[in-house]
Amino acid sequence: QVQLVESGGGVVQAGGSLRLSCAASGRTFSSLAMGWFRQAPGKERRFVASITGSGGSTYYADSVKGRFTISRGNAKNTQYLQMNSLKPEDTAVYYCAAKPGVWSTYDARYDYWGQGTQVTVSS
């Protein structure tokens with residue numbers, strides 16, 4: 001079993017930045033592919049970014065490419081999402097997710113989820 005706890009959400013003006021963190025426990029962290037998903041009000045949960053267990057490869061949704069950066073610190077059992085140039089359409093609940101093995105853009109393939117953290121971008 002893996003426990004995930006997100007932090008770092010909040011309210012920011014358009015053009016600003018936030019950094020989300022996700023602390024993991026319960027399993028060898030480097031064996032887990034990690035991802036971030038988000039869900040806006042009235043919409044489906046959508047893929048944001050993913051990173052391999054080693055941290056050597058990253059993947060992004062087109063909507064955040066060039067603005068968001070996913071990273072991880074395996075020694076700290078933590079992954080991060082640095083969000084720059086935030087837009088009102090980035091407003092959503094952001095979820096940390098983990099799965100053994102290969103990364104994925106499909107939320108159904110992730111076994112473990114955090115509780116979510118709210119990000120609100122005002123115009």
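Descriptive notes on the structure:
- Count of Lys pairs (Cα-Cα under 21 Å; at least 8 positions apart or interchain) in the chain: 4
- Volume of the convex hull of the chain (Cα atoms only), normalised per residue: 90 Å³.
- Convex hull volume per residue for the range 73-123, taking Cα atoms only, in Å³: 111 Å³
- Ranking 2, 16, 37 by Cα position along the charge dipole of the chain, where only Lys, Arg, Asp and Glu carry charges on their C-beta atoms, puts 2 farthest toward the positive end.
- Counting Cα-Cα pairs of the range 5-46 in 10 Å increments starting at 0 gives whole-percent bin shares of 20, 42, 30, 8.
- Debye, to nearest 20: dipole size of the range 59-123, +1 on Lys, Arg Cβ, -1 on Asp, Glu Cβ: 220 debye
- Label point distance in nm, residue 5-residue 102, each placed 7 Å from Cα along Cα→Cβ: 3.4 nm
- J(HN,Hα) series, the range 40-56, from Karplus relation 6.51 cos²θ - 1.76 cosθ + 1.60, nearest Hz, glycine and proline x: 8, x, x, 10, 6, 5, 10, 5, 10, 6, 8, 9, 6, x, 7, x, x
- Among 28, 78, 69: highest mean-square fluctuation, GNM of the chain, C-alpha pairs under 10 Å: 28
Readers should treat all values here as calculations from the given coordinates under stated rules, not as data from a laboratory. Here the structure is a predicted model, which is why all the values come from computation and not from measurement. Note: ideal-geometry Cβ built from the backbone for every residue, glycine included; neighbour counts use all protein chains shown.
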